[in-house]
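Here the structure comes first, spelled out in structure tokens, and everything after it is commentary.
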Amino acid sequence: MNKRQFSLTLIVALAYAARLEAQVIQSAPRLVVNITIDQLRSDYLEAFSPLYGSYGFKRLLSEGRVYGNASYPFQPIDRASAITAILTGTTPYYNSIVAERWLDRNTLRPVYCVDDNKCKGLGTATGSSPKNVLTSTIGDELKVYSQGKAIVYSIAPTRDAAILSAGHAADAAIWIDDESGEWCSSTYYDKELPNWVSEYNRLFPALKEIAGKEWTPDNYYTGNFTYFMVKSSQKTFSHKFNSDRRFREYKASALVNDNVTKTALHCIKSTEMGKDGITDLLNLTYYAGNFDHRTLAECQLEMQDTYVRLDKQIAALISGIELIVGQKNVMYVITSTGYSDEEGNDYAKYKVPTGIFYINRTANLLNMYYGALWGQARYVDTYLGNQIYLNHQQLENKRITLVDATQRAQEFLSMVAGIRNVYTGQQLLSNTNPNIHKIRNGYSQERCGDILVEVNPGWRILNEDNMENTLSRASYIQFPIIMFGCGVKAGRIDDNVTVDRIAPTLSKSIRIRAPNACSSEPLF
């Protein structure tokens with residue numbers, strides 16, 4: 001090889017190496033923005049699209065990688081269990097967050113998923129921490145990998161969403177206090193509120209920003225366009241937040257999303273997220289449910305306006321982050337919590353099979369049945385939702401195995417009107433039957449009852465002690481997973497995918513380990 005050939009070969013090799021290095025550097029985002037939209041639905045997302053601008057949802061759907069048929073690999077689903085599954089990449093069977101509330105077996109009292117009286121609130125009276133999450137999150141793994149140098153924040157209207165998104169190792173979880181309306185946190189993360197949070201509260205005081213606002217339709221078309229088959233009786237709507245519950249109402253309204261966006265941009269700018277070569281993570285939660293958790297029949301126009309305003313907030317968030325961090329340096333993932341508030345259907349009025357299942361009466365009947373078998377005693381400790389908790393100490397005193405007690409309960413309860421299926425804890429722990437894998441994945445031995453009752457769809461589960469009243473419904477709510485930004489190729493994939501694949505996908509993109517209980521494969 002002569003000098004000229006050697007020189008050309010060297011130039012080509014160096015050019016290839018430089019190109020390869022540039023590609024490798026570009027493929028790792030400086031900032032990952034994980035957005036969970038509480039109760040986002042594909043049917044509403046698509047139906048209200050004539051009212052959207054060009055830079056929000058339309059941009060995500062055209063330039064992003066859209067998985068149109070997403071689902072959760074467990075049931076039941078609520079906000080707490082959904083958000084935890086997204087960030088841990090696994091189900092409640094492993095991460096133990098089965099719901100917003102469960103029963104403490106020692107005290108027989110309901111426990112809120114992030115309550116912790118050992119950690120004081122910052123700007124709030126309630127102590128909170130992520131201690132009940134028994135696995136790592138993607139934010140935790142990012143902190144471990146970067147030796148604590150990565151910046152991780154979580155911002156959400158509600159306490160559970162903020163803390164469960166943040167995980168154990170985040171710099172802070174920030175949420176809106178129910179009493180003051182200010183952004184607050186927990187001493188679990190630090191002794192004081194982050195400076196940027198205190199500054200935001202001073203710049204935008206809650207009483208001025210929230211209590212002084214009025215929610216009306218965003219524009220003429222929002223208040224007159226209707227997607228729903230039966231036109232709403234509302235001509236328009238107007239809501240002021242001036243009651244004793246004003247901040248709770250605000251947190252379940254479309255206006256809260258504007259606050260989340262402004263706070264997120266203030267956080268990124270103040271903390272210099274995305275400014276160095278270490279990937280940072282920002283977890284955000286938006287709201288797309290019914291106003292103040294009312295039925296859809298009561299707030300059809302509010303629902304339309306919620307999506308229109310949410311579209312604007314997504315656009316404002318993306319454009320704001322691009323100005324601060326740069327378009328090519330950010331990766332977004334957007335998905336839903338996968339459930340929705342009840343629609344208030346009156347099945348009985350239209351002769352659709354329905355009924356009421358009384359969990360308290362059923363538990364008492366079961367205790368009487370046990371008494372007839374083994375003598376009068378308190379065999380049933382308590383009940384919550386559709387679950388029955390047995391008195392393990394009493395069974396032990398009577399030398400009755402838990403397996404025998406639950407199997408007899410299964411046989412007895414299967415004859416009760418309205419019950420579709422009865423599952424025992426032992427059955428769910430040992431059974432690999434694919435027909436019940438979603439129920440098994442949603443079960444945790446530490447958090448759930450010994451007996452789980454599945455009620456017929458369309459029936460209501462009523463607890464007469466606390467008047468909790470829920471509708472049993474097995475219908476599927478369609479929602480997407482959207483990946484957008486750095487290193488993501490646009491396209492639409494209609495294969496069925498589950499949200500536990502988000503965490504390994506992000507982990508692969510930023511070159512860290514997936515959370516320690518995540519066994520799912522990346523989406524791409």
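The values are calculated or read from the model by the stated rules, or taken from the named source; none is laboratory data. All values derive from a computational prediction rather than experimental measurement. With ideal geometry, Cβ positions are generated from the backbone for all residues, glycine too; neighbour counts draw on all protein chains shown. Heads up: the accessible areas ignore ligands, DNA and RNA and are worked out on the full protein's heavy atoms, side chains in. Shrake-Rupley method; radii C 1.70, N 1.55, O 1.52, S 1.80 Å.
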Filter result (of a type outside the set (Val, Ile, Thr), more than 19 Å from the chain's Cα centre (by Cα) and outside any helix (DSSP H, G or I)) within the range 277-310: GLY277, ASP280, ARG294, CYS299
Enumeration of residues in the range 405-447 that are part of a helix (DSSP H, G or I), open to solvent by less than 60 Å² (accessible area, probe 1.4 Å) and closer than 22 Å to TYR370 by Cα: ALA405, THR406, ALA409, GLN410, PHE412, LEU413, GLY425, GLN426, GLN427
Close pairs (7 angstrom Cβ cut-off, 6 or more residues apart or separate chains): crowded, with 20+ Cβ neighbours inside 10 Å in the range 43-67, acidic (Asp, Glu) and modelled with pLDDT of 95 or more anywhere: TYR52/ASP311; GLY56/ASP311; PHE57/ASP311
Qualifying residue in the range 378-386 (condition: open to solvent by 30 Å² or more (accessible area, probe 1.4 Å), under 23 Å from PRO457 (Cα atoms) and not aromatic (Phe, Trp, Tyr)): yes
Matching option when the condition is open to solvent by 30 Å² or more (accessible area, probe 1.4 Å), over 30 Å from ILE138 (Cβ atoms), touching a residue at least 24 places away in the same chain (Cβ under 8 Å) and of a type in the set (Ser, Thr, Tyr), among TYR370, TYR347, TYR389: TYR347
Members of the range 448-476 that are touching a Ser or Thr at 6+ places or on another chain (Cβ under 6 Å), β-branched (Val, Ile, Thr) and open to solvent by 10 Å² or more (accessible area, probe 1.4 Å): ILE461
Residues of the range 505-523 satisfying the condition of being outside any loop (DSSP other than H, G, I, E, B), surrounded by 16 or more Cβ atoms within 10 Å (Cβ to Cβ) and not small (Gly, Ala, Ser): THR505, LEU506
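Consider GLY274 carefully, then state whether it is of a type outside the set (A, V, I, L, M, F, W, C), assigned to a loop (DSSP other than H, G, I, E, B) and on the phi > 0 side of the Ramachandran plot.
Working: of a type outside the set (A, V, I, L, M, F, W, C): yes; assigned to a loop (DSSP other than H, G, I, E, B): yes; on the phi > 0 side of the Ramachandran plot: yes.
Here the answer is yes, as GLY274 does meet what is asked.
Tell me whether the range 259-272 contains one or more residues that are over 30 Å from GLN147 (Cα atoms) and of a type outside the set (Phe, Trp, Tyr).
If we filter the range 259-272 for residues that are over 30 Å from GLN147 (Cα atoms), which is where we start, we get 259.
Narrowing further to those that are of a type outside the set (Phe, Trp, Tyr): 259.
Within the range 259-272, one or more residues are over 30 Å from GLN147 (Cα atoms) and of a type outside the set (Phe, Trp, Tyr).
Could you check the range 276-305 and list, in sequence order, the residues that are of a type in the set (S, T, N, Q) and either buried (at least 17 other Cβ atoms within 10 Å of the Cβ) or modelled with pLDDT of 95 or more (or both)? Spell out how you get there, then give the answer.
Of the residues in the range 276-305, the ones of a type in the set (S, T, N, Q) are 279, 283, 285, 290, 295, 300, 304.
If the condition is that a residue be of a type in the set (S, T, N, Q) and either buried (at least 17 other Cβ atoms within 10 Å of the Cβ) or modelled with pLDDT of 95 or more (or both), then THR279, ASN283, THR285, ASN290, GLN300, GLN304 are the ones that fit.
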Where a residue in the range 401-427 is over 27 Å from THR354 (Cα atoms) and in contact (Cβ under 8 Å) with a residue 40 or more places away in the chain and its partner, wherever it lies, is of a type in the set (A, V, I, L, M) and assigned to a helix (DSSP H, G or I), with Cβ under 7 Å and at least six apart: LEU402/LEU395; ALA405/LEU395
Filtered residue count, the range 188-225, keeping only those that are under 20 Å from SER165 (Cα atoms) and open to solvent by less than 50 Å² (accessible area, probe 1.4 Å): 5
Filter result for the condition that a residue is more than 30 Å from HIS392 (Cα to Cα) and of a type in the set (D, E, K, R), over ARG105, ARG159: ARG159
The range 167-189: number of residues that are touching a residue at least 60 places away in the same chain (Cβ under 8 Å), part of a loop (DSSP other than H, G, I, E, B) and among the hydroxyl-bearing types (Ser, Thr, Tyr): 3
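For the range 448-494, list the strands (runs of 3 or more DSSP E) that sit wholly inside it and hold at least 1 residues that are touching a residue at least 60 places away in the same chain (Cβ under 8 Å) and more than 30 Å from ALA315 (Cα to Cα); which are they? Full working, then the answer.
Values: elements: 451-455, 459-463, 468-471, 479-485.
Here the list reads 451-455, 459-463, 468-471.
So, in the range 245-264, exactly how many residues are assigned to a helix (DSSP H, G or I) and either open to solvent by less than 40 Å² (accessible area, probe 1.4 Å) or closer than 21 Å to THR84 by Cα (or both)?
Residues of the range 245-264 that are assigned to a helix (DSSP H, G or I), as a first pass: 246-251, 256-264.
Going one step further and asking which of them are either open to solvent by less than 40 Å² (accessible area, probe 1.4 Å) or closer than 21 Å to THR84 by Cα (or both), we end up with 247, 249-251, 256-257, 259-261, 263-264.
Matching residues across the range 245-264 total 11.
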When residues of the range 132-159 are limited to those that are free of Cβ contacts under 8 Å to residues at least 40 places away in the same chain and in a loop (DSSP other than H, G, I, E, B), the one surrounded by the most Cβ atoms within 10 Å (Cβ to Cβ): ASN132
Any hit, the range 100-113, residues being open to solvent by less than 40 Å² (accessible area, probe 1.4 Å) and within 26 Å of ALA264 (Cβ to Cβ): yes
